1. Tell me the angle of helix 87-103 to the major Cα principal axis of the chain, expressed in degrees between 0 and 90 and rounded to the nearest ten.
2. Once the Cα atoms of helix 191-202 and of the chain are each reduced to a long axis, what angle between those two axes, in degrees from 0 to 90 to the nearest 10, is obtained?
3. Please give me the summed charge of the neighbours of PRO150: other residues whose Cβ is under 15 Å from its Cβ, Lys and Arg +1, Asp and Glu -1.
4. Give me the percent of DSSP beta bridges within the chain that run antiparallel, rounded to the nearest 5.
5. Are any of the pairs LYS141/LYS244; LYS126/LYS162; LYS85/LYS207 more than 28 Å apart by Cα-Cα distance, and if so, which?
6. Just to be sure I understand: with springs between alpha-carbon atoms less than 10 Å apart, which residue in ILE224, ILE216, ILE145 has the highest mean-square fluctuation in the Gaussian network model of the chain?
7. On a C-alpha basis, how far is the centre of segment 1-67 from the centre of segment 183-235 in Å? Whole number, if you could?
8. Could you work out the relative contact order of segment 3-79? I mean the mean sequence separation of Cα pairs under 8 Å and 6+ apart, divided by the number of residues, in percent.
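Rule-based calculations on the coordinates, nothing more; no lab input. Please read all numbers here as calculations on a predicted model, not as lab measurements. No Cβ is skipped: glycine too gets one built from the backbone with ideal geometry, and neighbour counts run over all protein chains shown.
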Amino acid sequence: MDGKIVVTGMVLSSRVIGETDKRVTLLTTENGKISAFAKGAKKPTSSLLAATNPFVFGEFELYVGRSSMTIVRANVKDYFNEIQKDIETVYYGSYLLELADFFTRENNDDKEILKLLYQSVKALCKGSISNKLIRLIFELKMLVINGEYPNSYECAICGSDKNLTGFSFTNNGVICSECAGSVRDFLPLDASAIYTLQYITGSSIEKLYTFTVSDIVYEQLLFIVKRYLKWTVDVTFNSEIFLKDFVD
């Protein structure tokens, strides 16, 4: 049924259609991921020119037609212009948008993913922790929201929460010292890595970007998260290709 709706969300992507129009993908609180046209948004005089760029967060008034939606106006809350401070941050931010796009579907309840994306982009703009750690946290928490993540609080073999010393992909979780000898793919982990794994999987999104880790902890967690992402994400994103130049 034709009519107007107002949604709150972030622009995931925007591409030019014809000479002056844009097709915009939004991740919204109310309707999940949606696509909408922004007529004339490429014109220098258009009020939607800047409002329909990636990373923009705000309220969008949409006209809902029989077969498509059209953005009528936008009330921008944050442009996140700081994301443009250097090319590395742009690529990291673009990767967050692409991963969020991959994990979301139209008309799904993806409020948690939108919240994660918003807080992660804020963290990139703030710059208080490294971009690569923000990416790692974002990836792991995305897996948690998607329901495909390792058990991090108790031994995957015996259920004990004591003396957790490693990890097993086969058993999908952490392993205690008593069971370590019986696990073929036992991967020793630093105690801080196990704590960090627990913190990221169990904490609220608002508390995620409040810590740093050592290089050892980062590398251990990166190894685990990369394996889980490989099982879950079956595409290579454009931003991921460029990010290889910034990976230590």
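1. 90 degrees
2. 40 degrees
3. Charge balance in the 15 Å sphere: -1.
4. 95 percent
5. Exceeds cut-off: LYS126/LYS162.
6. ILE216
7. 35 Å
8. Contact order relative to length: 32 percent.
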